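Let me begin by presenting the structure, written as structure tokens, before commenting on it.
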Amino acid sequence: MKSLTQLYKIGKGPSSSHTMGPDKAARLFAAENPGADSFKCVLFGSLAKTGKGHHTDKAIIEAFEPRPCEVSFDMVTGDLPHENTLDLYAYTNGKQTAFMRVLSVGGGEISVIGRPDVAPPEVYSESTFGEIAAYCKSHNMRLSQYVYQTEGEQIKDYLYAVWEAMKKSINDGLSVSGTLAGGLNVERKAQFLYNQRHIDESESTRENRIVCAYAFAVGEQNADAGIVVTAPTCGASSVMPAVLKYMQEKRHFTDEKIIDALAVGGVIGNLIKTNASISGAECGCQAEIGSACSMAAAALCELFEMGIDQIEYAAEVAMEHHLGLTCDPICGLVQIPCIERGAVAAMRAINALSLANFLSGTRKISFDLVVATMFETGKDLAHIYRETSEGGLAKLYK
């Protein structure tokens, strides 16, 4: 598995696969063709069908500036190597001089067809939760200690930067009101949720309200192309910061403890990314929001110093109950149901934490098994439910 620096990325929303990945591809192609005077990009699959709403064309055009780039959307061609495929062409004096086919594979990562992936080195020898758990138990260490031993203490500095960016995305989101761009007239709700305390509010009601306010804040920032942290993607970026900030405020956990939690959540995200997918276009929203919920549940368990079996149970429960979740963004925008869905997943992560406190000894399903199930389920989903805006809410909403 790769370093957690390849999972947690600080960047502009609204989509790691639809904006960050294509932006990275365009900048690579532009750098490789310094003599070209113009470019063309053809988007296929999910990139074509939801690219407008995700600002894919805008990200690509900006990446090539000041040289012009024409972007077109091919919604017909099938039999693609990946659901997020784009072709790039370079021209000089009207003649084609270069071509590159790129796959945006999720989390801002790309793969160039015909080239060996220039990927960061493998950092982790273990690639399943079972292997990691066995190693940790045999060496009497926590999952967070396993991360620091494997990556080196310097990963802590990176995770501190991630945590600061997560908190800023919440604070920025809470400071803004109004309507999100895109045509759906979706009003920002984070500020309202945060400020509207009920006159007879119970502790549990307050928890729901504040956690959801934090999740809405990040989700709305992401939808408005603000800066967020992929955890594991832009579309699912609200879950981790919402639960961690709430628990830090409620229980007074230090930043050091939050960093430990981010390390553990990162291991869970890494395992899903390695053995399945974190791409909504490839496996539906279960791969994004389900993965985020698993990461958040495991992170919460680390905060409360639960054992490795409890961490596994919480992560497994969080994913299991997102199995089959479709990705059907209305108008291709990362707004409905995406923003609200992050808030619901944040509360579900807290529920998974509570269950893990009592029931981990009775579990029948391993985390590795549920990850394999998620991947198989995602591949079986009809393509209209994999970030194409051709089914579900996107089809029926008028």
message: Take the residues in the stretch 362-383 that are outside any helix (DSSP H, G or I) and more than 20 Å from residue 309 (Cα to Cα); name whichever of them is most open to solvent (accessible area, probe 1.4 Å).
response: 382
- prompt: Which of the residues belonging to the stretch 315-361 are among the small types (Gly, Ala, Ser), in contact with a helix residue (DSSP H, G or I) (Cβ under 7 Å, 6 or more places away or on another chain) and part of a helix (DSSP H, G or I)?
  reply: 315, 318, 332, 342, 343, 345, 346, 349, 352, 356, 360
query: Which of the residues that make up the stretch 231-243 are more than 16 Å from residue 173 (Cα to Cα) and either of a type in the set (A, V, I, L, M, F, W, C) or in contact with a Leu (Cβ under 8 Å, 6 or more places away or on another chain) (or both)?
result: 231, 232
field: Count - residues of the stretch 262-278 that are assigned to a helix (DSSP H, G or I) and open to solvent by 10 Å² or more (accessible area, probe 1.4 Å)
entry: 3
field: Tally, over the stretch 279-305, of residues that are outside any helix (DSSP H, G or I) and at pLDDT 95 or above
entry: 4
task: Select from the stretch 106-125 the residues that are in contact (Cβ under 8 Å) with a residue 60 or more places away in the chain and of a type in the set (D, E, K, R) and write down the one among them that is most open to solvent (accessible area, probe 1.4 Å).
output: 122
- request: State whether one or more residues within the stretch 325-341 are small (Gly, Ala, Ser), at pLDDT 95 or above and crowded, with 16+ Cβ neighbours inside 10 Å.
  value: no
- prompt: Out of all the residues in the stretch 36-45, is one or more in a helix (DSSP H, G or I), at positive phi and crowded, with 18+ Cβ neighbours inside 10 Å?
  reply: yes
- line: Condition set open to solvent by 30 Å² or more (accessible area, probe 1.4 Å) and more than 14 Å from residue 344 (Cα to Cα), scope the stretch 206-224, selection nearest to the chain's Cα centre (by Cα): answer is 224
task: Considering only the stretch 137-173, state which residues are over 30 Å from residue 220 (Cβ atoms), hydrophobic (A, V, I, L, M, F, W, C) and surrounded by fewer than 17 Cβ atoms within 10 Å (Cβ to Cβ).
output: 141
task: Note down all Cβ pairs under 7 Å where the first residue falls in the stretch 242-261 and is part of a loop (DSSP other than H, G, I, E, B), the second is open to solvent by less than 30 Å² (accessible area, probe 1.4 Å), and they're at least six residues apart or on different chains.
output: 253/247; 253/303
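The values are calculated or read from the model by the stated rules, or taken from the named source; none is laboratory data. Keep in mind it's a predicted model, so treat the numbers as computed, not measured. Ideal geometry is used to build each Cβ from the backbone, glycine not excepted, and the neighbour counts take in all protein chains shown. Ligands, DNA and RNA are excluded from the accessible area calculation, which covers all protein heavy atoms including side chains. Shrake-Rupley method; radii C 1.70, N 1.55, O 1.52, S 1.80 Å.
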